[in-house]
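Structure, as structure tokens:
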Amino acid sequence: MQNSIRLVKPSAEYKEEYMSFYEDWIASGEDIVPWTVEKEPYDFTVMLNFLYSQDSEEKITDGSFVPHSTYWLLDDDSGMIIGAANVRHRLNEKLLNCGGHIGYGIRPSARRKGYASQLLALTLERMKEMGVNNVLLVCDKGNLASERTILKNGGKFESEYVEDHGNVVRRFWIQI
């Protein structure tokens, strides 16, 4: 793993790099992953407050959400934010079926360079620090790149889940 790659907590110090990351996703026209990156960052303070608004049990007021934290994958050499991960501190029924503990994504212009595996490995370290040792990861059936990343990080296939709209999700567990 490259030493210059690390997870950072979202902060105003990375505003310029994050805006570039976000605009890369928008320009691609692809679905943005993880879901927290979909939040428009043009009012950066509002976006940061959103990211920290549900990061502990005490802050959860809506029973449909679980506490979650977002991290950015930063390359210290280039200063570029390469990816993002959203960590769910626990699972509810929906996450157990088709969301998992971790959602992650690499900016479109930085794909196919091994960053997803590094991002997932670093995020799994955070899960272990949180005391979560059995981690559920999911990907859409047919998303071979994501499935390879999960398998490379120790994922063991358990089952498939069919969502209401017919999408098939593959479920993997990783013991850490």
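The values are calculated or read from the model by the stated rules, or taken from the named source; none is laboratory data. Quantities reported herein were computed from a predicted structural model and do not represent experimental measurements. Every residue, glycine among them, receives a Cβ derived from its backbone with ideal geometry; neighbour counts consider all protein chains shown. Ligands, DNA and RNA are excluded from the accessible area calculation, which covers all protein heavy atoms including side chains. Shrake-Rupley method; radii C 1.70, N 1.55, O 1.52, S 1.80 Å.
Of note:
- Unmet criterion (only one of (1) hydroxyl-bearing (S, T, Y); (2) farther than 13 Å from A84 by Cβ; (3) surrounded by 14 or more Cβ atoms within 10 Å (Cβ to Cβ)) for Y22: (2)
- In region 74-93, the residues that are on the phi < 0 side of the Ramachandran plot form Cβ pairs under 6 Å with partners that are outside any loop (DSSP other than H, G, I, E, B) and open to solvent by 70 Å² or more (accessible area, probe 1.4 Å), at six or more places apart or across chains, as follows: L74/R6.
- Lone unmet requirement of (1) open to solvent by 30 Å² or more (accessible area, probe 1.4 Å); (2) within 25 Å of F65 (Cα to Cα) for K113: (2)
- Subset of region 22-44 (residues that are over 16 Å from Y71 (Cα atoms) and not aromatic (F, W, Y)): E23, D24, I26, A27, S28, G29, E30, D31, E40, D43
- Considering residues of region 25-49 that are within 18 Å of the chain's Cα centre (by Cα) and not in a helix (DSSP H, G or I) only, the residue surrounded by the fewest Cβ atoms within 10 Å (Cβ to Cβ): D31
- For T61, the criteria (1) polar (S, T, N, Q); (2) surrounded by 20 or more Cβ atoms within 10 Å (Cβ to Cβ); (3) free of Cβ contacts under 8 Å to residues at least 12 places away in the same chain hold in every case but one, which is (2).
- L151 being out of contact with any Ser or Thr (no Cβ under 9 Å at 6 or more places or on another chain), open to solvent by 20 Å² or more (accessible area, probe 1.4 Å), among the aliphatic types (A, V, I, L, M) and over 15 Å from I174 (Cα atoms): no
- Taking region 68-83 as the range and being open to solvent by less than 20 Å² (accessible area, probe 1.4 Å) and of a type in the set (S, T, N, Q) as the test, the residues that pass are S69, T70.
- Test: residue in region 96-109 that is touching a residue at least 12 places away in the same chain (Cβ under 8 Å), open to solvent by 50 Å² or more (accessible area, probe 1.4 Å) and within 24 Å of K15 (Cβ to Cβ): yes
- The single residue among Q118, Q175 that is among the polar types (S, T, N, Q), open to solvent by 20 Å² or more (accessible area, probe 1.4 Å) and under 16 Å from the mean Cα position of the chain (by Cα) turns out to be Q118.
- Residue in region 155-163 that is under 15 Å from the mean Cα position of the chain (by Cα) and either modelled with pLDDT of 95 or more or exposed (fewer than 14 other Cβ atoms within 10 Å of the Cβ) (or both) present: no
- Conditions (1) over 28 Å from S159 (Cβ atoms); (2) crowded, with 18+ Cβ neighbours inside 10 Å; number of the one not met by D55: (2)
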